[in-house]
Structures are given as C-alpha cells and as structure tokens.
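I have placed the structure first, in the form of structure tokens, so that the comments after it can refer back to it.
The values are calculated or read from the model by the stated rules, or taken from the named source; none is laboratory data. Remember, it's a predicted structure, so these values are computed and weren't measured experimentally. A quick note on method: Cβ atoms are made from the backbone with ideal geometry, for glycine too, and the neighbour counts reach across all protein chains shown. Side chains included, ligands, DNA and RNA excluded: accessible areas come from the protein's heavy atoms. Shrake-Rupley method; radii C 1.70, N 1.55, O 1.52, S 1.80 Å.
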Amino acid sequence: MVGLSTTDDRTGPAPAQWRPYTHRQVLQVLGGLVTATLTAMISTSIVSTALPTIMGDIGGQERLAWVASAPLLAMTAAAPLWGKVSDLFGRKRMFQTALVIYALASVVAGLSQNVGMLIAARALQGLGAGGVMSLTQVVLGDIVEPRERGRYAGYLGAAFGVATVTGPLVGGLLVDAPGLGWRSCFLVPVPLAVGSFIVIQKVLRLPPADRTRRPRIDWLGAVAIAGGASTVMVVLSLGGRSFPWNSGWTYGLTALSLALLAAAVVAERRAPEPILPPRLFRDRTFVLTAAVSLLIGMVMFGVMIFLPQYLQVVRGMSPTASGLMTLPLVGGMLVASTVSGQLTTRTGRYKIFPVSGLVLLTCGVLLLSGLHTDSPLAVIGADCAIAGIGLGLTMQTLILAAQNAVPRADLAAATTGVTFFRSLGSAVGVAAFGAILTARLTSGLADRLRAAHLPVPADAGTGLGTPAEIRALPEPYLGFLLDSYTEGLRTVYLVGVPLAALALLAVLALRELPLRTSAPAEPPAVEPVEPTTPAR
C-alpha cells in the first residue's frame, strides 16, 4: 500500500485520522508537485537568453549581475526557512503560499518599468521558488513511505533537469516570437503556478495539526542563516564583476558572512525549535548527503550553464539550436532518475545509484574537458548524455537517503537542508567557474595577441557583448577569441573533475540504511481538513 501506514515500525501507532494514499492519489499529487518544480526552476534559467534584450529595453546594464543573481540568492537563503515554517504552520498552506509569492512576483517582473523594480521582483521570485523547490520533496516524504518513494521522486528529478536545461531554449523562442518579447518570459510560468495551486488544493490531504502546540519561531537563527548565506553568495556572485576580488568590499563582506554564520551556529544550539537542528550534523548520512549535494550543485551548473555559452559563442548557434543540443543531457537525467527510482522501490537498495552516477558524471565532465572549437556535435551530445545519466542517478537518491535516516520530526529540516546545500553549491559553482573562465579567456587572448604582435585591448576577454556581436568581430581577433574561450571552458570542466571525484568518495563512505516500509510517527503540523475516502 502506498502512503503512510497507521502504525510505525519503530515508534508506535500513528494518528487514527490518517488514511494511506493509493497509487492513483499519489500520482495526482505528484502532478501538482512536478508542475510546481517546472515552474520554480524554469524561472532561474528562462531569462538567461533574454537578459541582453531586457537590459537594452529598460536600461541599467551595469546592474545586470543583480538581475541574474537575485533569484538564486533568495532561493538559497530561504530554503531552510521554508522547512521550519511548514513544520509550524502547515505543509500544504506554506507550499501554496510559496506558489502565490512566486506567481505575484512573476507578474511584477513582467510589468517592470525599471531595473530596480525588476531586481526586487526577481528576488521575490527566488523567495517563492525556494519554498516550492524545498517543500515538493517534503510533501512527497509526507505522503509516501521511504521504500515506495523512489518510484515517484525520479519524476521530480527529471522535472528539475528539464526546467534547468530547456529554460534558455524557451526564453530564446519567446524573445524572438512576434508579439511576445522578453516580458512573456516572466508571465508564461504564472499559469503553471496557478494550475499547481489548484491541483494541490484539490488532492493533497495531510493529517490535522496539533492545535495544542504553540509555534515558536527561531527569528535569530532565521536572520543569521539567511544573512550569512546571502552575504556569501553576494561575494561569490559579484566579486570580480561589480567589485574587485582584492578590495575592501570582498574582505568586508567575507568577514560579515563569517560573523553571521558563527551567530547562526550559536542561535541553532540555543533555540527551542531550530531551523537547522544541530543534531542533524551529528547524523553521518545527513552530513555526507549534504556535502555531496554541495559538490554536485557546483558541477551540475558548470555543465548546464556554460555548455550553451560554448554552443552560442564558439559554434555560432542560435539560442534555440543550443537548447536543442542539450536534449541529450535532459534525456539522460529523465531516463536515469525514473529507472533508478523504480529499481530502488523494487529492490530496497539505493547506494549503487549515486555511486555509479558519480562515476558517470566524473567521466562525462572529463570528456567535456576535451572540447575544441570544431568538436563534432555528436560527440558533445554523447558527453552530455553521460553527464545527464550520472546526475539523474544521483540527485533524488541523495534526498531519499537523508529522509530515510531521520525521524519524522526532522523530515522537513533534513530535506530542505540538503536542498539548501545543493543550491549553495550551484551559486558557488556558477561564480567560481565564471571567474575561472574569465581569467583564462583574458590571459589566453592577451597571450595570443602579443604572439601575433597585435595590440591588447583594455577590455580583452571581458567586454564581449552578445554572441552575434562576437561573431561579427574581424579576424584574426575572432579566431584568437574563440580559441581562448574554448580553452577557458576546458579549464572549467577540468576543475569540475576532481569535484565530482570528491563527491564519489563521499558517497562511498555513505552507509546504506534499510529503507523503511512505513513513515515515522509524529506527522507534520498542517491545517485541518475534512476526512476523505481514498479513491479505489
């Protein structure tokens, strides 16, 4: 039987009000969760190809980095906070609140008249998306027992990959389509959010809340965690672009982030109901899955973000064509996450999937490090497929392992904690790999120009413009630039290889705990609902 049973194999009887979900009901809820995941993740990638057009329309080119970074900042900082407030005020209510915040922010972004308004709306988009991404996994953990969870979690992983990789393709199509333009990039996801809200309202039923419990919010921990994570990401996202690495801004923000993170540790140790309970960090499984998620986040976004740039800048492809070239990556993630989830449910074994997945991811990134300006497209597609299969075998299984290792009281905290570290890794990866690419591009281009006895422009490697503007540059400057750009990308992928290998070593140290065939006791606090008879 799919769903929570009325007894628990370790902690005694579960509440009498709770009735298990049938397979049909789980699929109905899963439809809403998958739609929400697509909606939340596509907002972080659909705008990437539209940014040059957006900034040209509303101005503020010097603040482009903030437009790109604001949602990722908010999403990462808010992830653990959503888990705690859902424990206190109800999972379903907070999930729907996150969808409402996202939808309203998307409308404001689509109607923005200046760059300040757009940045604020993008930050609110990230806040809502952070709640959606965190709570989808928690909701699934509430309604499906760990042994059965793998067969459903794979679809969420596939949705994550599809949204991340195809976002630039959709964005390019919308910007180029007559009568639509860049504003539609923000408005198109709104109907998806509304649809997910309606589905969740109709089909999601959770145990009634314990009304005798008085919520106690860890305000100090919330401010310290969100502030510390945000400050770290500001340094990594804007360092080297908005201000030099060797500057007072860098040192001051780094010191502030360390102080806030130290305050967060103190606050969480003292809080009656901490956002990230310190006991989680005494759990070996949680620590290892969080560490692996951090590393995978770095490598994953290195592959997903920089490959379309190679295809557009070096190979001269349109945004639409470069998006189509990433389909092997999406297909690999889709197939691998679905198949591994089904096999996990059938066999009860899961460690083999992240182990084999990280082996494939390491190989895929290593193969991508051999890119040249004329690499065959079929070879690039095969390399992407290998990396995609590796990611699909790994990401959802890590969350399942963390959920299976903790009691129900820590289900939300463990799930959003792993999501938080993956998001943080993504931000770190984009910033670090971007800095590596810029440094290698600048130095490589300067060396080639000097060797040809040509002048080196002051903005060599930095003031590149759009892919179309780059392709219009005269020879031999264009050839030197493309060679240097490819060399920088090779370096990016080479740096990703040891990161993926380190994640593999961490997974090898993971103990495979038997998957529970019933969920732990103490269901989450949610709003009361009328009892319903499960569909047969």
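Within the stretch 1-44, restricting attention to residues that are of a type in the set (S, T, N, Q) and at pLDDT 65 or above, the residue that is farthest from M317 (Cα to Cα) is T22. Residues of the stretch 366-390 that are closer than 19 Å to S322 by Cβ and buried (at least 24 other Cβ atoms within 10 Å of the Cβ): L368, D383, C384, A387, G388. Given the residues I470, I399, I436, I386, which is the only one that is hydrophobic (A, V, I, L, M, F, W, C), touching a residue at least 12 places away in the same chain (Cβ under 8 Å) and touching a Cys at 6+ places or on another chain (Cβ under 7 Å)? Testing whether each residue is hydrophobic (A, V, I, L, M, F, W, C), touching a residue at least 12 places away in the same chain (Cβ under 8 Å) and touching a Cys at 6+ places or on another chain (Cβ under 7 Å) leaves just I386.
Quick check: is even one residue across the stretch 446-455 open to solvent by 30 Å² or more (accessible area, probe 1.4 Å), modelled with pLDDT of 85 or more and under 27 Å from the mean Cα position of the chain (by Cα)? Within the stretch 446-455 (the criterion being open to solvent by 30 Å² or more (accessible area, probe 1.4 Å), modelled with pLDDT of 85 or more and under 27 Å from the mean Cα position of the chain (by Cα)), the answer is no, since none of the residues qualifies.
Annotation note: Cβ proximity below 7 Å between a residue of the stretch 180-200 that is under 13 Å from A50 (Cβ atoms) and a residue that is assigned to a helix (DSSP H, G or I) and open to solvent by 70 Å² or more (accessible area, probe 1.4 Å) (sequence gap 6+ or interchain) occurs for W182/D57. Per the conditions (1) farther than 20 Å from G31 by Cβ; (2) touching a residue at least 40 places away in the same chain (Cβ under 8 Å); (3) open to solvent by 10 Å² or more (accessible area, probe 1.4 Å), the sole criterion not satisfied by L104 is (2). Scanning the stretch 281-320 for residues that are more than 18 Å from the chain's Cα centre (by Cα) and under 23 Å from S484 (Cα atoms) turns up Q309, Y310, L311, Q312, V313, V314, R315, G316, M317, S318, P319. The condition (being at pLDDT 85 or above, out of contact with any Phe, Trp or Tyr (no Cβ under 9 Å at 6 or more places or on another chain) and hydroxyl-bearing (S, T, Y)) is satisfied by just one residue among T254, T289, T344: T254.
The condition of being under 29 Å from V232 (Cα atoms), crowded, with 22+ Cβ neighbours inside 10 Å and at pLDDT below 80 holds for A427. Answer yes or no as to whether L400 is in contact with a Leu (Cβ under 9 Å, 6 or more places away or on another chain) and under 30 Å from G221 (Cα atoms). Considered against the rule, which asks whether it is in contact with a Leu (Cβ under 9 Å, 6 or more places away or on another chain) and under 30 Å from G221 (Cα atoms), L400 comes out as yes. Is it the case that the stretch 91-98 has a residue that's free of Cβ contacts under 8 Å to residues at least 60 places away in the same chain, open to solvent by less than 10 Å² (accessible area, probe 1.4 Å) and assigned to a helix (DSSP H, G or I)? Scanning the stretch 91-98 turns up at least one residue that is free of Cβ contacts under 8 Å to residues at least 60 places away in the same chain, open to solvent by less than 10 Å² (accessible area, probe 1.4 Å) and assigned to a helix (DSSP H, G or I). For R214, the conditions (1) under 26 Å from N114 (Cβ atoms); (2) of a type outside the set (S, T, Y); (3) open to solvent by 20 Å² or more (accessible area, probe 1.4 Å); (4) at pLDDT below 80 are fulfilled apart from (1). Inspect the stretch 337-351 for any residue being more than 19 Å from the chain's Cα centre (by Cα), more than 22 Å from L504 (Cα to Cα) and open to solvent by less than 30 Å² (accessible area, probe 1.4 Å) and give the result as yes or no. The answer is yes; a qualifying residue exists. If you check V47, V67, V108 for being at pLDDT 85 or above and more than 20 Å from I198 (Cα to Cα), only one passes: V108. On inspection, T416 does not qualify as open to solvent by 10 Å² or more (accessible area, probe 1.4 Å), among the β-branched types (V, I, T) and over 20 Å from L502 (Cβ atoms).
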